[in-house]
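The values are calculated or read from the model by the stated rules, or taken from the named source; none is laboratory data. Only a predicted model underlies this, so the values are computations on that prediction, with no experimental measurement involved. Here the Cβ is made from the backbone with ideal geometry for all residues, glycine too, and neighbour counts use every protein chain on show. The area values use the complete protein model at the heavy-atom level, side chains included, leaving out ligands, DNA and RNA. Shrake-Rupley method; radii C 1.70, N 1.55, O 1.52, S 1.80 Å.
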2 protein chains.
Amino acid sequence: MICSIDIDENAASSHYEDFQTIDWQRDIARDRNRHRYIIRSKDNSYCSLLKSTHDAWAGWLCVLMVGILSGFVAGIIDIGAGWMKDLKDGLCPDVFYLNREQCCWSDNSSEFEDSIWSGHCDQWKTWPELLGLSQQHFPIFSYIVSYFFYVFWALFFAFLAASFVRTFAPYACGSGIPEIKTILSGFIIHGYLGSWTLTVKSIGMMLTVAAGLSLGKEGPLVHCSCCIGNIISRFFDKYGKNEAKKREILSAASAAGVSVAFGAPIGGVLFSLEEVSYYFPLKTLWRSFFCALIAAFVLRLINPFRNEHLVMFYIDYARPWIFFELIVFVMLGVIGGIIGNIFIKSNLKWCQRRKYTRLGQYPMWEVMSVTLITAMIAFPNPYTRMNSSDLIKLLFSSCGIADETPLCDYYRNYTNVNQHAQIAQAGPGVYTSVAQLFAALIFKLIITIFTFGIKVPAGLFIPSLAMGAIIGRIVGITMEQIAYNYPKWWFFQDACSNLGESCMSPGLYAVVGAAAVLGGVTRMTVSLVVIMFELTGNVNFIVPLMAAIMTSKWVGDALGKQGVYDAHISLNGYPFLDNKEEFPYTTTALDSMRPKLGDLPLAVLTEDTTTVGQLYQLLRSNNHTGFPVVVSEQNQYLVGFVTRHDLNVALNHSRKNDEVFDDSIVYFRNFTADEETRFKQYRTNQSSSALNFRRILDLAPMTVTDQTPMETIIDMFRKLGLRQVLVTHNGLVILLGIITKKDILLHIKECEEIRKVETSFLR
Amino acid sequence: MICSIDIDENAASSHYEDFQTIDWQRDIARDRNRHRYIIRSKDNSYCSLLKSTHDAWAGWLCVLMVGILSGFVAGIIDIGAGWMKDLKDGLCPDVFYLNREQCCWSDNSSEFEDSIWSGHCDQWKTWPELLGLSQQHFPIFSYIVSYFFYVFWALFFAFLAASFVRTFAPYACGSGIPEIKTILSGFIIHGYLGSWTLTVKSIGMMLTVAAGLSLGKEGPLVHCSCCIGNIISRFFDKYGKNEAKKREILSAASAAGVSVAFGAPIGGVLFSLEEVSYYFPLKTLWRSFFCALIAAFVLRLINPFRNEHLVMFYIDYARPWIFFELIVFVMLGVIGGIIGNIFIKSNLKWCQRRKYTRLGQYPMWEVMSVTLITAMIAFPNPYTRMNSSDLIKLLFSSCGIADETPLCDYYRNYTNVNQHAQIAQAGPGVYTSVAQLFAALIFKLIITIFTFGIKVPAGLFIPSLAMGAIIGRIVGITMEQIAYNYPKWWFFQDACSNLGESCMSPGLYAVVGAAAVLGGVTRMTVSLVVIMFELTGNVNFIVPLMAAIMTSKWVGDALGKQGVYDAHISLNGYPFLDNKEEFPYTTTALDSMRPKLGDLPLAVLTEDTTTVGQLYQLLRSNNHTGFPVVVSEQNQYLVGFVTRHDLNVALNHSRKNDEVFDDSIVYFRNFTADEETRFKQYRTNQSSSALNFRRILDLAPMTVTDQTPMETIIDMFRKLGLRQVLVTHNGLVILLGIITKKDILLHIKECEEIRKVETSFLR
């Protein structure tokens, strides 16, 4: 009997299994069909018209909602983290849920200062004060109590975060960006972008940031936004049921994530484009832009920074940079590239050890020890005790005339009101600060290596920026003092001729240094420049930033190919086909395809001889995601390709509706008129049956010849988002084999191994 | 005899004919081979090592030089245009080559003002003054003389520009961006990016801008930069001899062009990415970034604007925008989209008329009449008389306390020094200005429609910005007056409660309006936002700009699909496969391939039966760029593909070195051992000869099956940069036909025609 299989195209291929690669071409074709169907039935009724309108606006509506929710979640996280951060220091006894800044609002004395040098306000009580120990009478005791509470709260927060992650959502740890890159490149990780992950990651982020660990919440915010993107897309069939289309929403969501993390909508779009996205049509660019805008706008309405300037680290240097300084900025770039490389390599080594030794079995202990060490060492040094964001803000800022913090302890001349105050000669506070900053740098570099990778939500942006800012500020102060002491040197002469006045902005060096180190760690370029100037609200320093970031990237790339995210992707063995790297070998399709010489022959189906029994046997004997269909065992001319999922669905469907025997033949071609009548006769006497699966056959599988260079094939995989190509032999035109994404990644690795052996042999 | 053809791979396919499409895959493969060869021979000698180092840095060196030269050329053009522009007004008799601003430098009275309301300085003489007519004594006469000189110089400049273009470089006319888009998509237009075009366009730009025509020099600057990119790349074999690689340099050059045009390096990179580039690997992103940076830096060193702030239109509004204003900004976006559409449609109609009627035969007359009309109408209105850039600067600026220009003629309260001066109530000067601005808007809109397309260098950015700025300023002044007169309305209440003080910045409206109209005309989004805030040096107004630009794009797209550049590409019939548009039809490869039903069969070569005579016959009888090679006439199994150019080269080569007869067989396969001996015998008695062209055969041509959907094929053409695909039939696996880029464009047009007919039929 003949069974015409009618599979619901929508359900057919939306279900990929965990850790599979998606087929972009197929998914997008499916969406086009769906779209065409809706357009065609538009004029039928008002309901269809409504549906079609909804469909046209679904994308915009979806990113709108993603933007709003991203902004909202980011606002909550900022507020929560801000409150918990201050809990380590003390409490607002009157209204316990206020943080120090809010607690002090009624007190006018310290309105916009929240560094640890800001004056105390009466409403806010530190822990020693709450215990009745005033700092005047029991200075040492008070210090010890503060120390104790600092460490206690840090351990408590870290414990909470680690147990949440462990119990509810193991995927919530780390920064998430390597995984998001992999997912966006077309990989399926079920649950990685789920609501549990979102919840746990959001809470975990507040806790870990508040614990004072050397990590940031910016990377994880991108992960959170992508979770939101994934959750929202479930409400839209167009995106929820189509993995390829869903990735458009996820790209936009990652832009929104950066947008809210740094208040940098355009930087977010570029980040999404340059760093994380794989398939980025122009339509996605506009959507991402919109999503990032909405997210930034919502966050601004919530206004968690309570900041007039609406940017995180507002800078406003009075002096422009001078040409000579460019050399120093380039040197900062070199340092940034080197530091970035040291960080990546050491962190990777440590993560490998964690992965392959018994260390990985005790994640809770690891978190607790790292927290304990961080808190113990961080407290004595004011620059490590304070929150990393506050540190960056402090280092970026320039010293005002009346600024009396140690970092701004310059000898000033107050005698003449009309003369510029001379703030260039450093006092002892500055030298102490430089020493403390140097200690902070070493500490941060080492502890971040061990922190990035522990099982709590942990981002890298803020620690990298902080390290860079410290380096930059130290270099900046050095430059400033040289210029002050030797203003006659020819390269200072133009700008610094005005004796006694500072002609450099150490804050600018901090900004440039921060960008350089972050560039060295992540290897971002254009997006980083844009993020930096959206972060600082100043476009006048593009050239220094660009110079430092380019240098940092060059130096970084020269010392080690991969950025930190790519390194972690390799470490975890995700099937990510990098679209930045070139394939330098001269192999062809023949070299990378399966079956290899000596392997079993390729599992194929024939057009009209495979029986149901054989088919089940085939499906059981391997786990290939699809099978080529050829004319016959002897004439292996390619007819088409059929996926395992479709086969399963079609078989089950037939089972339900018809009597199917093990010897029923499965046809993949149209019946001839003769066969048609023959099967109609069969039908009457029920002796045997035949299935026609022509409908599920993909008649246009992507094929290449065995002589096709691997570069071309890799290009096709990258740009067209293929799941597999079939390899045929020209002239004979028979099917030879198949190449999947995993085969390509394996092949690349093999080629690299061979080259390594060759090079070592030659030496 | 056997001739082993050894073609210099480098020379083989670098020579495309005029108006051909390039084969990206092949060119890039060629570059990879070249690169591998250099790498492999690196260890051989110091010379090779040097070569390899040079090769590795060639890209950076090339873009460095492009950046430096772009900045330099832009600086010269700015200075030249500035001088000539002032020539219409008068002369600096002491040092004739100075423009008004430079002439007045010694005079302190008007140092940083160059609007027409700025006070006269004594060094600068207007034409009436030079003729001895003082304005006090002969006001009417003086006016008439000024008028005369204004029109005279405009006509003179326009005449010079038009004759230069006509005589030396016809390609130098227009903005050049549509052509550059086409060239970057892989089309060859010889001479379009040559040195003559560069020279004439540079000079022509100065002249046309100085003539006061309603056009800008920003688009043409992109063309100039691309010319520089093309010229410089000739010095590097890697780029000069490889069209695909050259396009990487051209992408970077176009970024540099925008960078120098607006002082917007990042905007330039995004413009290159979003608007003009086709093939944009990440490496190109970094190079573009570097190139744009260098160009901006060099321009800054030349500093033609003589502007402290280093941006063209520096804005610094004291007040932030309020939420209610967002609605007005969105409305400005709507207006921008509509105006953009009106402009595109009218301009296109006029250009069509020029193209298809006798009008196009008198380009000089057209230029002269447009110039005459422009100059005649522009002079009486101060807002059209002044240079467009100056107008934009004026409209963007906010009114200072002591500003006494008509646009800032507010009633002010000077009684109390401590109170904020009330500058919100408009005086008569403001109302006059609004009327004049309205007239200027109408005039500019109409004249620009006729100007864009005349045979002189002409860009669209500045006129669009000017129109938008006028609209925006008018709306802004209206809003300001409403808010001043009805400060109690609920939506003003928060911000405008302070009675008597202005709570709106009309300048901000001008900025938003300018962006909206430019967005409506060009349909740029992200890049435009970035350009706008680099142009104004202010990142605080991203949300208003984004809102207006998105709206403008939506409205524009709803009213008419294409932006002005795409419309001009269609008008000129360039083979540009837009990568923004979707292909909404369900056709397959079978429908678009050649030969169509009823056509002659496809011209193919066979593996081992084609003779030299047949080959010549084939080459003469058609102008295909390549031919598929099949097993035999009967068994049309595909073996490979060979290009016409390679065939010609190989044939000529054989002719030179061997005796070739018309009946010599051309082999495209390896000889068997048997044949090998047989042909060796032939060789001795010289009776016949055989050529083996196996080496020039591409064994891995891209193939698709006849059932492949057209969307997939179009995707392949776009993303892989194919020149053709071969169509085979699955199961039978014989060659059916071929699809080229032109076939696809034709097919798209046919489908659109059919749909139009269908829709009109249904109605």
For region B:49-90 and region B:321-337, what is the separation of their Cα centres, given in Å?
-> 38
Sum of side-chain charges, B:Trp83 neighbourhood, beta-carbon under 12 Å (Lys, Arg +1; Asp, Glu -1) = -1
Quantify how much of the Cα-Cα distance distribution of region A:433-580 extends past 18 Å, in percent.
-> 64
Sorting B:Pro170, B:Pro139, B:Val209 by the position of each Cα along the dipole of region B:63-302 (Lys, Arg +1; Asp, Glu -1; all at Cβ), the one nearest the positive end of that ordering is B:Pro170
When the Karplus curve 6.51 cos²θ - 1.76 cosθ + 1.60 is applied with θ = phi - 60°, which whole-Hz ³J(HN,Hα) does each residue of region B:739-744 get, with x for Gly and Pro?
-> 10, 10, 4, 5, 4, 5
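Could you work out [θ]222 nm for chain A from helices alone, using -39500 (n - 2.57) per DSSP H run of at least four and dividing by all its residues? Round to the nearest 500 deg cm²/dmol.
On the way: 30 runs with 439 residues, N = 763.
Calculated from helices alone, the mean residue ellipticity at 222 nm is -18500 deg cm²/dmol.
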Would you kindly work out, in nm and rounded to one decimal, the distances from the label point of B:Gln361 to those of the same position in each other copy, ordered shortest first, with label points 7 Å along Cα-to-Cβ?
-> 9.4
Mean separation of Cα pairs under 8 Å and 6+ residues apart, divided by the residue count of region B:63-302: what relative contact order is that in percent?
-> 26
Neighbourhood charge, 10 Å Cβ-Cβ cut-off, centred on B:Gly613 and excluding it, Lys, Arg +1 and Asp, Glu -1 = -2
Taking every alpha carbon pair in region A:215-366 and sorting the distances into 5 angstrom bins from 0 up to the bin holding the longest one, the percent per bin comes out as 2, 8, 12, 13, 13, 13, 15, 13, 6, 3, 1, 0
What percent do you get for the relative contact order of chain A when only Cα pairs under 8 Å and 6+ apart count?
-> 15
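Carbon and sulfur together cover what percent of the accessible area of region B:63-302 at a 1.4 Å probe radius?
Details: 5470 of 8300 Å².
For region B:63-302, the apolar C and S fraction of the accessible surface comes to 66 percent.
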Would you work out which of B:Trp350, B:Pro406, A:Asn381 lies farthest towards the positive end of the dipole of the protein assembly as shown? Charges go on Cβ: Lys and Arg +1, Asp and Glu -1.
-> B:Trp350
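Taking N as the number of residues in region B:63-302, what is its Cα Rg relative to 2.2 N^0.38 Å?
Numbers: Rg = 20.4 Å, N = 240, 2.2 N^0.38 = 17.7 Å.
Cα-based Rg divided by the globular estimate yields 1.15.
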Taking the Cα atoms only, what angle lies between the long axis of helix B:139-168 and the longest principal axis of chain B, rounded to 10 degrees?
-> 10
Once Lys and Arg are counted +1 and Asp and Glu -1 for all other residues with Cβ under 12 Å from that of A:Ile665, the total becomes -3
Can you grab the distance from the C-alpha centre of region B:345-365 to the C-alpha centre of region A:444-484, Å, no decimals?
-> 62
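Heavy-atom accessible area per residue, the protein assembly as shown, 1.4 Å probe: how many Å²? Could the numbers behind the result be given before it?
Working: 63150 Å² over 1526 residues.
Accessible area per residue, the protein assembly as shown: 41 Å².
Can you give the accessible area buried between chains A and B, summed over both chains, with a 1.4 Å probe, in Å² to the nearest 100? Spell out each step's value before the answer.
On the way: alone 34810 and 34820 Å², together 63150 Å².
Using a 1.4 Å probe, the pair buries roughly 6500 Å².
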Cα convex hull of chain A - mean projected area over all directions, nm² | 42.7
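Write out the GluC sites (Glu not before Pro) in region A:595-665 meeting two conditions: DSSP loop, and at most 15 other Cβ atoms within 10 Å of their Cβ. Show your work: numbers first, answer last.
Working: sites: A:Glu607, A:Glu633, A:Glu659; in loops: A:Glu607, A:Glu633, A:Glu659.
Passing sites in region A:595-665 are A:Glu633, A:Glu659.
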DSSP beta bridge pairing in chain B, given as percent antiparallel to the nearest 5 | 60
Calculate one ³J(HN,Hα) per residue across region A:71-86 by plugging θ = phi - 60° into the Karplus curve 6.51 cos²θ - 1.76 cosθ + 1.60, and present them in order as whole Hz with x for glycine and proline.
-> x, 5, 4, 4, x, 4, 4, 4, 5, x, 5, x, 5, 5, 4, 6
Measuring label to label, 7 Å along Cα→Cβ, what does B:Glu676 give against each other copy in nm, shortest first?
-> 5.5
Could you pull the Rg and Dmax for the protein assembly as shown, using just the Cα atoms, both in Å?
-> 35.3, 118
Over the protein assembly as shown, what is the percentage of antiparallel beta bridges among all DSSP beta bridges, to the nearest 5?
-> 60
Accessible surface ranking that places the most exposed of B:Cys47, A:Cys503 first, with a 1.4 angstrom probe | B:Cys47, A:Cys503
Using a 1.4 Å probe, how large is the accessible area of B:Thr432, given in Å² and rounded to the nearest 10?
-> 70
Once the label point is placed 7 Å from Cα along Cβ, list for B:Ile342 the distances to the corresponding points in the other copies, in nm, shortest first.
-> 6.4
In terms of the charge dipole of region A:280-385, which places +1 on Lys and Arg and -1 on Asp and Glu at the beta carbon, the residue among A:Ile322, A:Leu372, A:Ala296 farthest towards the positive end is A:Leu372
